[in-house]
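Remarks on the structure that follows.
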Amino acid sequence: MRSIARLQGRINKRLRKYRQDRITNESSFNKNEILAQFYQKKATPLAQANEAAETGVPSSISAGIINLKKELTPKEALQQVKTISKERKFKESVEAIIRLAVDPKQGTQNIRGTCILPAGTGKTAKICVFADKSLERQVVEAGADIFGNDEILRQISEGKLDFDKLIATQEQMGVLRSFAKILGPKGLMPNLKSGTLVKPDALIETIKISKQGQIEFRVNEYADIMVKIGLREFETDSLFQNFDAFAKALASKKPESIKGKYFVRGYVKSSMGPTVKVDLSEYQRMLQD
């Protein structure tokens, strides 16, 4: 009986997938239109009116008129993200996704770096630091949460990574290198490009910056970069400041081998909401001036 039930379950699963594929392939089915209708119903008219009054964003946006195909200025797009996403029981993040005209397989085009978000991330990063024992007091006073020692190394070996970021001085890499298989997949292995592998004289400043809202970014295999630029509860101006800092940081990383268009397209979205297209032409012009 159990085998029959399992077989029936697999059959039902395949039927559901078949029906979904048929719906997706129907030319009359427009996913963006369905999403637009859904989020338009979720938007509260009073909240839209208040946000329009506070930000001065055009009424066509604050009224919940959603066109997911239209490119908006960064500030307008961020306001629309706030408008179409509903209030949730958790602090929803706002994310920026930008595609670049690069080939990540080429070393010179594997874009990676750090950026300080002026308005912060909305979350205080828990930082672990590996450095010479003589620097422990200074490191803790600078804001580090954990100072690396043998006990922390044991916890790492067991997969217990009770921190968001690991910063180390160069002489500590001999010890940490043996934990690369654990730290690497989590994006925690210190390295120069991400600014987490530093000289002793730059250690304290790096810790302070990390606490102030520094983020790391790296292009993926599809030439996309996605980062969190704050929380939905942030004011639109604060989100724009963070987006602007991130986009300019990407512009500064443009490889000399890239000619012509560098910013292909951009989006912003809340964690649970739809993407809104962003016009990146102003950042492209910066590279041409």
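The residue list I215, I229, I209 contains one member that is of a type in the set (A, V, I, L, M, F, W, C), under 15 Å from G120 (Cα atoms) and surrounded by fewer than 19 Cβ atoms within 10 Å (Cβ to Cβ), which is I209. Applying the selection to the stretch 235-280, what residues are polar (S, T, N, Q), out of contact with any Phe, Trp or Tyr (no Cβ under 8 Å at 6 or more places or on another chain) and open to solvent by 10 Å² or more (accessible area, probe 1.4 Å)? Scanning the stretch 235-280 gives S238, Q241, S252, S257, S271. All of S271, S238, S210, S257 fail the test of being in contact (Cβ under 8 Å) with a residue 24 or more places away in the chain and under 13 Å from L78 (Cβ atoms), apart from S238.
The set of residues in the stretch 198-254 being touching a Pro at 6+ places or on another chain (Cβ under 9 Å) and at positive phi consists of G213, A223.
Here is a check on your reading of the model: is E151 under 25 Å from the mean Cα position of the chain (by Cα) and not aromatic (F, W, Y)? Against the criterion (under 25 Å from the mean Cα position of the chain (by Cα) and not aromatic (F, W, Y)), E151 does not qualify. Would you check if A180 is at pLDDT 90 or above, in the same structural domain as G148 (by the TED database), among the aliphatic types (A, V, I, L, M) and open to solvent by 20 Å² or more (accessible area, probe 1.4 Å)? Answer is yes for this residue. Taking the criterion of being over 17 Å from E235 (Cα atoms) and outside any loop (DSSP other than H, G, I, E, B), the residues of the stretch 79-120 that qualify are I97, I98, R99, L100, G107, T108, Q109, R112, G113, T114, C115, I116. Taken together, E76, E141, E92 contain a single residue that is open to solvent by less than 40 Å² (accessible area, probe 1.4 Å) and either acidic (D, E) or at pLDDT 90 or above (or both), which is E92.
Taken over the stretch 123-138, the criterion of being β-branched (V, I, T), modelled with pLDDT under 95 and open to solvent by less than 30 Å² (accessible area, probe 1.4 Å) is satisfied by I127 alone. Just one of the listed residues (E221, E216) is under 21 Å from the mean Cα position of the chain (by Cα), at pLDDT below 90, charged (D, E, K, R) and under 14 Å from R112 (Cβ atoms), and it is E216.
K269 - would you say it is of a type in the set (K, R) and either touching a Pro at 6+ places or on another chain (Cβ under 9 Å) or in a strand (DSSP E or B) (or both)?
On the way: of a type in the set (K, R): yes; either touching a Pro at 6+ places or on another chain (Cβ under 9 Å) or in a strand (DSSP E or B) (or both): yes.
Judged against the criteria, K269 is a match.
Sub-6 Å Cβ pairs linking a first residue in the stretch 194-206 that is closer than 24 Å to N110 by Cβ to a second residue that is in a loop (DSSP other than H, G, I, E, B) and open to solvent by less than 20 Å² (accessible area, probe 1.4 Å), at least 6 apart or interchain, are T196/P190; L197/P190, ordered by first then second residue. When the stretch 144-167 is limited to residues that are of a type in the set (A, V, I, L, M) and assigned to a loop (DSSP other than H, G, I, E, B), the one that is least open to solvent (accessible area, probe 1.4 Å) turns out to be A144. The set of residues in the stretch 227-277 being among the aromatic types (F, W, Y) and closer than 29 Å to K105 by Cα consists of F243, F246, Y262, F263, Y267.
The values are calculated or read from the model by the stated rules, or taken from the named source; none is laboratory data. Predicted model only: the values in this text are computed from it and were never measured. Note: ideal-geometry Cβ built from the backbone for every residue, glycine included; neighbour counts use all protein chains shown. The protein model used for the area step is the full one, side chains on, heavy atoms only, and it has no ligands, DNA or RNA in it. Shrake-Rupley method; radii C 1.70, N 1.55, O 1.52, S 1.80 Å.
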